[in-house]
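The values are calculated or read from the model by the stated rules, or taken from the named source; none is laboratory data. In this text, all values refer to a predicted model and were calculated from it rather than measured experimentally. Here the Cβ is made from the backbone with ideal geometry for all residues, glycine too, and neighbour counts use every protein chain on show. With ligands, DNA and RNA removed, areas are computed over all heavy atoms of the protein, side chains included. Shrake-Rupley method; radii C 1.70, N 1.55, O 1.52, S 1.80 Å.
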Amino acid sequence: MDEHYDCIVLGTGLKECIISGLLSVEGKKVLHMDRNGYYGGESASLNLNQLFEKFRAGAKPPPTLGASRDYNIDLIPKFILSSGLLVKMLLHTDVTRYLDFKVVDGSYVYQKPKIQKVPASDSEALSSSLLGFFEKFSCKKFFSFVQNYDEEDPKTHDGLNLKTTTMRAVFAKFGLKADPIDFIGHALCLYLNDEYLDKPAIESFQRMKLYVDSLARYGKSPYIYPMYGLGELPQAFARLSAIYGGTYMLNKPIEKIVSEDGKIKVTSEGETVTADYVVADPSYFPDKVKLTGRVVRSICILNAPVPNSNNNESCQIIIPQKQVGRKSDIYIGVISSPHMVCAKGKYVAIVSTNVETNEPEKELQAAYDLIGPIVEKFTSVSDYFEPIADGRQDKTFLSTSYDATSHFETTCLDVMNLFERILGKPLVLTIHPNLLKEQQQQQQQEEGQQ
Amino acid sequence: MNNNNKIFQFKLVLLGEAAVGKSSLVLRFVRGHFLDYQESTIGAAFLAQTVCLNDTTVKFEIWDTAGQERYHTLAPMYYRGAQAAIVVYDIRSQDSFERAIKWVKELQRQGSPNIVIALAGNKLDLAAKRKVETAEAQQYAEENGLLFMETSAKTAQNVNELFVEIAKKLPKTPNPRPGSGRLPIPPIENNNQRKKPCCSN
């Protein structure tokens, strides 16, 4: 182990691995350690033995579930918006190379008493029973306004200033009622709760655009998912960091972290290394974070696809808060063996939401009712921590915990924020030169064929 | 190359103790051929090279360890879907040979079921200081169904031959890689070129 590093990163969760990769690419000398013997921390995907070890220490997985190694179960369920920030980060770093993705088959939204497909095209929208006839008409007007809206061109603004007008006011102007508002705010803008209604509408417009752009990329749904589970993502970014000289050590219990003479000293297994600064997940600095919420997540193994989901191999189901009398939405993410996350014939449905009561598991009942018979269920409640300070003073830059959102936008925003706090400059996402070169070659080939 | 020539792509990973010459083998192999189509070599972490057999072309997508073998932190992702592996040792070091045997076991346990494994005794140019006898390695390879060659990245001896042997042994099935027909992730356009809200015309 070398004595001094620019940066020591503690924890190999996705955020820490992206930061580690970006810092190594910037030429920083990085030492990256994790107390666990595997990559990913909270954002790991576990095999069956690991899963039982974590949730039911001492119990063995029943043989009916199949081989342990066929399983890669995400601890934090999320899907990747295919035009979102995580894809931009993959393209910026060329980490796409190390991963294979599948398009998620469909997106559903619960509207009492059943789930319905979120329309993926104009024709699906027209035939959808999600909206009544008159609602379709006002929605159509609203969506053409969204489609034509150009921030730069006041003629398209119809007298509305989206930076000051609330989304509630915009909905009112188009005469949209509760159901379509619920659909737009929760199934398209992917808001967890209704706080957005009283905020400037511009963010909702950006979110709609992100959804629509993501949907346009592959058609079936706006999401993609990596083969072998989300735990591949931190590993891939860790590889990026290693390629640019980052040093990796797992199974390293951290005994002491002190700040001395403007350096951070980290001690593990009796050895001390120093760094100019430290990046870590909240679990390494319990004194420097505050608890701001809790998330309940439940991993359910099923023997059949989720009822009414068109037998899809994968899908997302959103239960908007209002439909079940809650403050925040419940999400269900379903994946299965073609994604190499479970044995053949099994399905994995992961249900999650923000905790609102003293009985978190009961809050998920509406979701359990939708997914059919559950073979095995592993429920956990995670604390949601945020750093107390931004880290510039004590050179200790901490990420926030993973939230209950169903995608990686907030995860990436936290990474971008960390990057700027650490390096004092914003992260500008570009397209990696390798990819541009490949694109060029492909174009030349195509032209050559014509 | 005739028109019927089929191209098969395979993921090949390198394993072995630090400093046995894994990267040198790859660089020797990749730079000796097809110089007009040379991929980026940053960190030598991801390289591609093709081998032409009689009626097929095999394209190797080669993964180097990026130093993650040093503290035994190679991620499971590294082995995933690998159809071929070269396990390298230094013929001057019995330790590196024993480490190579451990890697072979690891691959048999963790790797794809039909993975083609080649054992390479590298630094043949330094045979005067040899510690691992050819016969010993040869026997181990035979007993375990591995390809075996002694190589020198420095003089290029047996380097191409090794990759050609691997290429020959790989099954040329139409879909060599599980999940192949990889989902393309094209660059994202920045502006509003593609506005198509789902519920409007």
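Within region B:70-96, the residues that satisfy the criterion of being farther than 30 Å from B:Lys172 by Cα and either in contact with a helix residue (DSSP H, G or I) (Cβ under 9 Å, 6 or more places away or on another chain) or more than 14 Å from chain A (Cβ to nearest Cβ) (or both) are B:Thr73, B:Asp90, B:Ile91, B:Arg92, B:Ser93, B:Gln94, B:Asp95, B:Ser96. A single member of A:Gln235, A:Gln206 is open to solvent by 10 Å² or more (accessible area, probe 1.4 Å), within 30 Å of A:Gln147 (Cα to Cα) and either without any contact (Cβ under 8 Å) to a residue 60 or more places away in the chain or not assigned by TED's automatic domain parsing to the domain that holds A:Val118 (or both), and it is A:Gln206.
Selection of region A:35-71 for residues being closer than 26 Å to A:Lys256 by Cβ and away from every other protein chain (no Cβ under 14 Å) yields only A:Glu42.
Filtering region A:122-142 to residues that are touching a residue at least 12 places away in the same chain (Cβ under 8 Å) and open to solvent by 40 Å² or more (accessible area, probe 1.4 Å) leaves A:Ser129, A:Glu135, A:Lys141. Within region B:61-73, the set of residues being at pLDDT 90 or above and either open to solvent by 10 Å² or more (accessible area, probe 1.4 Å) or not in a loop (DSSP other than H, G, I, E, B) (or both) comprises B:Glu61, B:Ile62, B:Trp63.
Those strands (runs of 3 or more DSSP E) of region A:198-261 in which 2 or more residues are farther than 22 Å from A:Tyr5 by Cβ and more than 9 Å from chain B (Cβ to nearest Cβ) occupy A:223-226.
Consider A:Val296 carefully, then state whether it is at pLDDT 95 or above, open to solvent by less than 50 Å² (accessible area, probe 1.4 Å) and either assigned to a strand (DSSP E or B) or closer than 23 Å to B:Pro76 by Cβ (or both). Taking the combined requirement at face value, the residue satisfies it. One residue stands out in region A:143-164 among those that are within 14 Å of chain B (Cβ to nearest Cβ) and assigned to a helix (DSSP H, G or I): the one that is most open to solvent (accessible area, probe 1.4 Å), namely A:Asn148. The one condition from (1) open to solvent by 20 Å² or more (accessible area, probe 1.4 Å); (2) modelled with pLDDT of 95 or more; (3) in the same structural domain as A:Thr411 (by TED's automatic domain parsing) that A:His32 does not meet is (1).
Elements of the type helices (runs of 4 or more DSSP H) sitting completely within region B:94-186 and holding at least 3 residues that are modelled with pLDDT of 95 or more and under 15 Å from B:Gly16 (Cα atoms): these cover B:94-110. Only one of the numbered conditions (1) surrounded by 14 or more Cβ atoms within 10 Å (Cβ to Cβ); (2) over 25 Å from A:Phe237 (Cα atoms) is not met by B:Glu133, and that is (1). Would you confirm, using the coordinates I've provided, whether A:Glu376 is charged (D, E, K, R) and either under 30 Å from A:Ile264 (Cα atoms) or loosely packed, with under 15 Cβ neighbours inside 10 Å (or both)? No.
Restricting attention to region A:180-197 and to residues that are surrounded by fewer than 21 Cβ atoms within 10 Å (Cβ to Cβ) and in contact with a Ser or Thr (Cβ under 8 Å, 6 or more places away or on another chain), the residue that is farthest from the other protein chains (Cβ to nearest Cβ) turns out to be A:Asn193. Restricting attention to region B:91-107, the residues being open to solvent by 10 Å² or more (accessible area, probe 1.4 Å), in contact (Cβ under 8 Å) with a residue 24 or more places away in the chain and either touching a Ser or Thr at 6+ places or on another chain (Cβ under 9 Å) or over 26 Å from A:Phe237 (Cα atoms) (or both) number 6.
Scanning region B:142-156 for residues that are surrounded by fewer than 16 Cβ atoms within 10 Å (Cβ to Cβ) and without any contact (Cβ under 8 Å) to a residue 40 or more places away in the chain yields B:Glu142, B:Glu143, B:Gly145, B:Thr155. Among all residues of region A:411-420, there is at least one that is polar (S, T, N, Q), in the same structural domain as A:Leu22 (by TED's automatic domain parsing) and free of Cβ contacts under 8 Å to residues at least 12 places away in the same chain. For region A:21-44, the set of residues classified as in contact with a Phe, Trp or Tyr (Cβ under 7 Å, 6 or more places away or on another chain) and either assigned to a helix (DSSP H, G or I) or of a type in the set (S, T, N, Q) (or both) consists of A:Gly21, A:Leu22, A:Ser24, A:Val25, A:Glu42, A:Ser43, listed by residue number. Within region A:99-120, the set of residues being in a loop (DSSP other than H, G, I, E, B), open to solvent by 20 Å² or more (accessible area, probe 1.4 Å) and touching a residue at least 24 places away in the same chain (Cβ under 8 Å) comprises A:Asp100, A:Asp105, A:Lys112, A:Ala120.
Scanning region A:260-288 for residues that are surrounded by 13 or more Cβ atoms within 10 Å (Cβ to Cβ), closer than 17 Å to A:Asp390 by Cα and not acidic (Asp, Glu) returns A:Ile264, A:Tyr277, A:Val278, A:Val279, A:Ala280, A:Pro282, A:Ser283, A:Tyr284, A:Phe285, A:Lys288.
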